[in-house]
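Report on the following structure.
No lab work stands behind these numbers, since they all come straight from the coordinates. Please read these numbers as outputs of a predicted model, since none were measured by experiment. Cβ: placed from backbone, ideal geometry, glycine included. Neighbour counts: every protein chain shown.
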Amino acid sequence: MKIHGIDSCDHTIRSIDSLLSIARHYQAFLFDQWGVLHNGLTLYPHVNATLEKLSGLNKQIIILSNSGKPAEINRQRLLAIGLLPQFTQHIVTSGDVARWALSVKHAKVSTFTSKKLIWLDSDYQSLGGIEQNFTHLDDYQAVVLAGLLEDQSHSFYLKLMSEINRRHLPLLCINPDINRFTPHGIQPSVGFYGQYFQSLGGLVEFIGKPDSLVYEYTMEKYHLTQPHRIVMVGDSIHHDVLGASTMNMDSVLVRSGIHKSLFDETESLEELLNSWHQEGLPIPSYLIDQVK
């Protein structure tokens, strides 16, 4: 197991070939799903074996996902693509955190409590006819954007955001991911439309990585009290790495995920890391090609 240091932006990023090489430093490993454990269709080859080894070292393994769906739905999907059952027992989704926040009237969602909400998800039933007639929005006081329909167009969601904004409805975006893996390649995700809505001047609140609430919820749920003993394993500099940094956690950035094309196209790794640094983004603690 090798660890190589890479100097960039006055930081040393360690390139590792196995998570086991850093396991002694951490009590808990938080794993993103898409692009880290699987590609939406297939579990990556070394995932089960790696998680078994980490579990054998008494490490807590928690899946922390920006999915707007409940943990149980994610659990069934993970089982269907081959993740061992014992590693599907501890899942925290941004959707569940949002539901909890609404139920306890958390300050972060005060704009949305006691309002008639329409909860837009990845099925036509959730739209309630909006795809045919936007006047259905007039029956609601706020909108929750939890997921996207696979067969609905990009232009539809741009139009939907415009219609929500025109009615001055606040938007709760419970999956801040900008891009998502699909059978047709990388496509805009829920967070893209949340940011587009914000650019129109709409009032939007985000729940999910990199927002601190999902990390605070996870730490309390699993009795984790030492952020420096937790490491986030993800593929997004904007969500996984940034979120971990704001909580004083270390991070492992997986090169083969959502940023794969950037790693493939950039001639110099230092150039890519410096460009992120110039954007004000944190530098990951470690780089790894894939979970192994």
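What the table shows:
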read-out: Hydrodynamic radius by Kirkwood, which averages 1/r over all alpha carbon pairs of the chain, in angstrom; value: 19.8 Å
read-out: Under 23 Å from residue 105, Cα to Cα: lysines that are on another chain or at least 8 residues apart; value: 69, 115, 116, 209, 221
read-out: In Hz, Karplus ³J(HN,Hα) per residue of the range 66-71 (6.51, -1.76, 1.60; θ = phi - 60°; x = Gly, Pro); value: 7, 4, x, 8, x, 4
read-out: Debye, to nearest 20: dipole size of the chain, +1 on Lys, Arg Cβ, -1 on Asp, Glu Cβ; value: 860 debye
read-out: Radius of gyration and maximum dimension Dmax of the range 149-292, Cα, Å; value: 16.8, 49
read-out: Of 129, 29, 79, farthest towards positive along the dipole that unit charges on Lys, Arg, Asp, Glu beta carbons give the range 1-148; value: 29
read-out: Hz values of 3J(HN,Hα) by residue in the range 78-84 - Karplus curve (6.51, -1.76, 1.60), Gly and Pro given as x; value: 5, 4, 5, 9, x, 5, 4
read-out: Placed amide H near residue 15: partners under 5 Å, 5+ positions off or other chain; value: 4, 5, 6, 287
read-out: Taking the convex hull of Cα positions in the range 50-118, its mean projected area over all directions (nm²); value: 6.0 nm²
read-out: Convex hull volume of the range 226-270 per residue (C-alpha atoms, cubic angstrom); value: 65 Å³
read-out: Estimated [θ] at 222 nm from DSSP helical runs (n ≥ 4, -39500 (n - 2.57)) normalised by residues in the chain, nearest 500; value: -8500 deg cm²/dmol
read-out: DSSP bridge orientation in the chain - percent antiparallel, rounded to nearest 5; value: 25 percent
read-out: Inverse of mean 1/r across different Cα pairs in the range 194-266, Kirkwood, Å; value: 13.7 Å
read-out: Principal axis dimensions, the range 1-123 - Cα atoms, whole angstrom, descending; value: 54, 40, 26
read-out: In Hz, Karplus ³J(HN,Hα) per residue of the range 158-173 (6.51, -1.76, 1.60; θ = phi - 60°; x = Gly, Pro); value: 5, 5, 4, 4, 5, 5, 5, 5, 4, 8, 6, 8, x, 10, 9, 9
read-out: Lysines with Cα under 22 Å of residue 292, excluding same-chain neighbours fewer than 8 positions away; value: 2, 53, 59, 260
read-out: Distance from the range 131-207 to the range 104-125 (C-alpha centre basis), Å; value: 13 Å
read-out: Ratio of the Cα radius of gyration of the range 87-198 to 2.2 N^0.38 Å, where N counts its residues; value: 1.07
read-out: Cα shape, the range 116-174, gyration tensor, a/c 1.5 rule; value: rounded
